[in-house]
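Heads up, the thing below is written out as structure tokens.
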Amino acid sequence: MIPQLAYPTALALGALAIPIVIFYILKIRLRREPVATIMFWNQIFEEKKPRSLWQKLRHLISLLLQLAFLALLVFAIAEPFFSWESGRARRIVIVIDQSASMNATDVKPTRLERAKDEAIKLIDAMRFRDEAAIIAAGNPPRVYSGLTDHPRTLRDAVQAIRAADGPTTVPQAVELARRLVVDHDNKRIVIISDGGFPGSTDMLKDESIAAVAVGSSATNVGITRFQARRSLVDPIGYEILVEAMNGSNEPVERRLEIDLAGEPVDVVPLKLAAGEKWTRVFEKTSAEGGILKAFFDKPDSLQADDSAWAILPKREYQRVILSTAGNLFLEKVFEAIPLVKLTVVKEIAKATEPGAILAFHRSVPAVIPKGRVIVIEPDRSTDLWDRGEAIAAPIVAKQDKDSPLMAHVRLDNVMMPEARKLSIKGKYTSLAESATGDPLYALIRRPEGDVLVITVNLDKSDLPLQTAFPILTTNASAYFAGEKGELKESIAAGSVADVSIPDIKANEHVSFIAIAPDGAVRDLPPAANGKITIGPLDRSGVWSVVKKPQNDERARGGEMRSTPLAQVACNLAERRETDLRPAADWSTRRVDIARGFGGRPVWYYLIATAWILTAWEWFLYQRRWID
Amino acid sequence: MPLFDSDFLKKLEYLAIVSRRVFRGQILAQRRTRQLGGGIEFADHRDYTPGDDFRHLDWNVYARHDDLLIKRFQEEEDLHVYILLDCSRSMARGEPAKFDLARRVAAALAYIALANLDRVAVIGVAGDLVADFPLTRGKGRILSLLKFLENLEPTAAATDLARSAASFVHRSQRRGLVVVISDLYDPSGFEKGIDILRHHRHEPHIVQIYDRAEAEPKFLGDLELVDVETGSIRKVTVTERSLKEYRKIYQDFQESIRGYCVSRAIGHTTTTADVAFDDLILKMMRSAGALSS
């Protein structure tokens, strides 16, 4: 039971006793105070002569008290410890659930704050030489503090955990925790959660895992799915998929409202039984676009799933100049595309207008002009191809199913008589080819603009009569329009998204930042191939990507005024997080971390004794019993 | 700053005028002595004894009643004012020093007396008589008296009023008003000295001057208390409790002085050293006026 010293060299501080003794000797030389007469003082002190023995002793007691105080301090700094203390030290990993459901306000202020309080209690209950680590089960799980026995570091790590709207990652966090303490015998993993994660029952079979349950039954209705996509039949139309769920034990009534750019689009009253899900698809049209937002009329325990967002880009009109001697099918199919503004010319257009698509039917120039070009049934060889003989069996034998140009198109049964063999110079992508391998529909990529060429004779082929023809044309139009106007998928909270940044040159060094829905700013990695990776997005709402302002711009609030280069809608959209009903198999268990009396280190008691000595000395000094 | 400047002298003149106008004959000036002798104002008769001057026989009474009676007359004479100024080392203590106020008060009383045609002597006392300004008369002597006071300094001797008073009365001077200006810090007790004066038919008046720090000391802790008069040292630990006891003892001391003076009809003035001397003189005058008619 003889304690060892962690820092035996600290005993050298005992030399401080020398100056204490010196100062004490100096102090005994009393201060002189001249008085007019001493006769009154004599009257006082003549009466106190019986205490003279104590008067003699008190000087020595004062010195002994100070030396004892020094001895206690020095010994405390040397940090004595018993061998059994190091043997019984525990390794505790505290896993705090950082999922969206932990933001529920059924316990005040939130479940996450309550979880942090519980974690602080555990830290305060650590024994001497225990070590603990803090892991937040967010997206992804993150170690906020490695194993340490420094309570303040651990408390700071707990306080650094911020609320997030992502799905739960407790199982992954527990795996991470296991790796942290894999080499230790006396280990314990404490999960502080509301229990809304898979595999919780099996997890608790492990004796080394303890659970602290937070939260109670709460009323919550959430939007568990919210996606928008382009209509297949209407280029300016879009469809909205909405799913709502009642994640409480009681039936609720809500009104679901959908806005586009702040203007109401639809309002739906909902009556949902406990645990009931409701799904509907809305079909709407808009060319102007904007931010789609769905929300409930009443707040509840969890705010993150009360709203959902989607980005609906503005649709741009596309100008198409069609050079043709006259083909009704071709003209009508272009006119049928709502976003196309068609101009038909008889002569061969030599140069395109900026942004316009040139379409040549039969008559083509010897040199295909710059820009985006569609060639139908070319009547001559050009700088891009040589026109050959008619193909013997002009049936589509193979088509590129992965190309967006061939999306929703099946050319299996389409007859293409008088299709000519094209020997394309340079590299090209064959979108449809005959049994002989000759390209019937090809994409030629050029730096000055891509060219689509199809050799089918529209007068003799039945392609214009097939549904594939307008789809083919629409795909071509959409391909040349690029991603402008494409609907962007709303991503789930906690996910990572690749965002296209327009007009960024390859060698341009531009830094970007992401502005979270709550206004927080995060630096983003550099753009690669015009795209930038953003995420994981831990807050639901609309995220914006802007150029990082220079220092002087920042001083003027530049980042706030910048027009977003891209926007990303992020929704919670997670049924497990919306469901705030307590998990049946989740309860507080095996939390026996408390140290009780005597769990503090030896130095703590030494310091406490030193303080008591100080207080005692002060008490005696104030009464002049000692000096 | 000189002890007695022109402003001081102006105040002295003012005090002299006030003393004549308001308190005439009540403190110092023109008091009648109880001595009977060769005056012109009849006092009473006494029986003739052989050796008496026949000129003082009341012949009318003898003619009417056949009794030999001697006529007695009240003799008017100058009042003798003796100022016993404590010159012990303790008088140099205080902020301002008690000795300064003591000298100013002595000068003021002397001036008032001289202005009222009385005789004044100033005697410095400590362990014994240490300085003497002999009896003098007339306002013209005031400047030399002031110079005497200005040159007076506290001595190293301890206060011994009894011995000083004994030396004073043995100088066979005429009886008169004896103003004792002192802090009365006499280890053997101030009463003995005053009693000696009284027993020799002097009329004592006590002016006690003390410093506020002496009544309520502020120091605490372990100290060596040094008596400035005796040089004796006492190592003490001053606590709040002992300070409280000190204040009580000092208050009892002041009460004992007051009680002693009241019981013996002795004029008594107690003051701190930080008051203006003229205010103190006026206060003394008012006090005397209130007591005597």
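The values are calculated or read from the model by the stated rules, or taken from the named source; none is laboratory data. Values in this document were obtained by computation on a predicted structure and should not be read as measured data. All Cβ positions, glycine included, derive from the backbone under ideal geometry; neighbour counts span all protein chains shown. These area figures cover heavy atoms from the full protein model, side chains too; ligands, DNA and RNA do not enter into them. Shrake-Rupley method; radii C 1.70, N 1.55, O 1.52, S 1.80 Å.
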Just to be sure I understand: with springs between alpha-carbon atoms less than 10 Å apart, which residue in B:Arg55, B:Arg72, B:Arg201 has the highest mean-square fluctuation in the Gaussian network model of chain B? B:Arg55
Please give the average number of partner chain Cβ atoms lying within 10 Å of the Cβ of each residue in B:210-217, rounded to a whole number. 2
Percent of accessible area on the protein assembly as shown owned by carbon and sulfur, 1.4 Å probe? 53 percent
Long-range amide H partners of A:Leu431 with built H, under 5 Å: A:Tyr441, A:Ala442, A:Leu443
So, taking all protein chains as they sit and a 1.4 Å probe, how much accessible area belongs to A:Ser403, in Å² rounded to tens? 20 Å²
With a ≥ b ≥ c taken as the square roots of the eigenvalues of the C-alpha gyration tensor of chain B, please select rounded if a/c is under 1.5 and otherwise prolate if a/b is larger than b/c or oblate if it is not? prolate
For A:Tyr238, A:Tyr317, give the ranking by accessible area with the largest first, probe 1.4 Å. A:Tyr317, A:Tyr238
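Could you pull out the pairs from A:Lys427/A:Lys488; A:Lys284/A:Lys531; B:Lys10/B:Lys147; A:Lys277/A:Lys314; B:Lys11/B:Lys147 whose alpha carbons sit more than 20 Å apart here?
Values: A:Lys427/A:Lys488 31 Å; A:Lys284/A:Lys531 30 Å; B:Lys10/B:Lys147 16 Å; A:Lys277/A:Lys314 32 Å; B:Lys11/B:Lys147 17 Å.
Going by Cα-Cα distance, A:Lys427/A:Lys488; A:Lys284/A:Lys531; A:Lys277/A:Lys314 fall outside the 20 Å limit.
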Mind pulling the angle between the C-alpha long axis of helix A:468-481 and the longest principal axis of chain A? Nearest 10 degrees, somewhere in 0 to 90. 50 degrees
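Would you tell me the mean number of C-beta atoms belonging to other protein chains that fall within 10 Å of each C-beta in B:88-101, as a whole number? Numbers along the way, then the final one.
On the way: counts 2, 3, 4, 1, 1, 4, 1, 0, 0, 0, 1, 0, 0, 0.
Mean shielding by partner chains, rounded to a whole number: 1.
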How many Cβ atoms of partner chains, on average, are near each residue of B:226-233 if near means within 10 Å of its Cβ? 4
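How high is the relative contact order of chain A, given as a whole-number percent (alpha carbon pairs under 8 Å, six or more residues apart)? Don't skip to the answer; put the middle values down first.
On the way: 1340 pairs, mean separation 94.3, N = 627.
That works out to 15 percent.
According to the square roots a ≥ b ≥ c of the eigenvalues of the Cα gyration tensor, what is the shape class of region A:318-481, taking rounded for a/c under 1.5, prolate for a/b larger than b/c otherwise, and oblate for the remainder? Intermediate values should be presented prior to the final figure.
Values: a/c = 1.38, a/b = 1.19, b/c = 1.16.
Since a/c stays below 1.5, the shape of region A:318-481 is classed as rounded.
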Straight-distance crosslink candidates among lysines, where the alpha carbon sits under 26 Å from A:Lys121 and sequence neighbours closer than 8 are dropped: A:Lys108, A:Lys187, A:Lys205
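Please work out whether region A:371-410 counts as rounded, prolate or oblate from its C-alpha gyration tensor, where a ≥ b ≥ c are the square roots of the eigenvalues and a/c under 1.5 means rounded, while otherwise a/b larger than b/c means prolate and anything else oblate?
oblate
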What ranking of A:His150, A:His184 comes out by heavy-atom accessible area, probe 1.4 Å, highest first? A:His150, A:His184
³J(HN,Hα) computed for each position of region B:130-140 - Karplus, 6.51 cos²θ - 1.76 cosθ + 1.60, integer Hz, glycine/proline x: 10, 7, 8, 10, x, 3, 8, 9, x, 5, x
Ordered by packing density, taken as the mean number of other Cβ atoms within 10 Å over each peptide's residues, highest first, how do A:290-303, A:194-207, A:95-108 rank? A:95-108, A:290-303, A:194-207
Around A:Ser381, with a cut-off of 14 angstrom between Cβ atoms, what is the net charge of the other residues, counting Lys and Arg +1 and Asp and Glu -1? +1
Which of B:Thr49, B:Thr272, B:Thr237 ends up with the largest GNM mean-square fluctuation for chain B, with Cα atoms connected below 10 Å? B:Thr49
Compute the acute angle (0 to 90°) between the alpha-carbon long axis of helix A:602-622 and the principal axis of greatest extent of the alpha-carbon atoms of chain A; round to the nearest 10°. 50 degrees
Reported to the nearest 10 Å², A:Asp450 has, with a 1.4 Å probe, an accessible area equal to 30 Å²
From most to least accessible, 1.4 Å probe, no ligand or DNA/RNA atoms counted, A:Arg188, A:Arg90 line up as A:Arg188, A:Arg90
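Where only protein heavy atoms count, and the probe is 1.4 Å, what is the accessible area per residue for chain B in Å²? Write down the numbers at each step before the final one.
Numbers: 14610 Å² over 293 residues.
Result: 50 Å² of accessible area for each residue.
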Net charge over other residues, Cβ less than 15 angstrom from the Cβ of B:Ala156 (K, R count +1; D, E count -1): -4
As a test of the definition: with a 1.4 Å probe, what buried accessible area, both sides summed, do you compute for A against B, in Å² to the nearest 100? 2800 Å²
How much accessible surface does B:His205 have with a 1.4 Å probe, in Å² rounded to 10? 40 Å²
Chain A accessible area per residue, 1.4 Å probe, protein heavy atoms, integer Å², reads 50 Å²
Would you mind counting up the charge near B:Leu280? Only other residues with Cβ under 14 Å from its Cβ, with Lys and Arg at +1 and Asp and Glu at -1. +2
Angle check, please: helix A:111-124 long axis (alpha carbons) against the longest principal axis of chain A (alpha carbons), in degrees 0 to 90, nearest 10. 40 degrees
What whole-number distance in Å separates the alpha-carbon centres of region A:311-346 and region B:121-154? 134 Å
Under a Gaussian network model of chain B whose springs join Cα atoms within less than 10 Å, the largest fluctuation of B:His65, B:His45, B:His268 belongs to B:His65
Once amide H atoms are placed 1.01 Å from N in the peptide plane, what residues at a sequence separation of 5 or more from A:Ile192, or on another chain, have their amide H within under 5 Å of its amide H? A:Val95, A:Ile96, A:Asp97, A:Val212
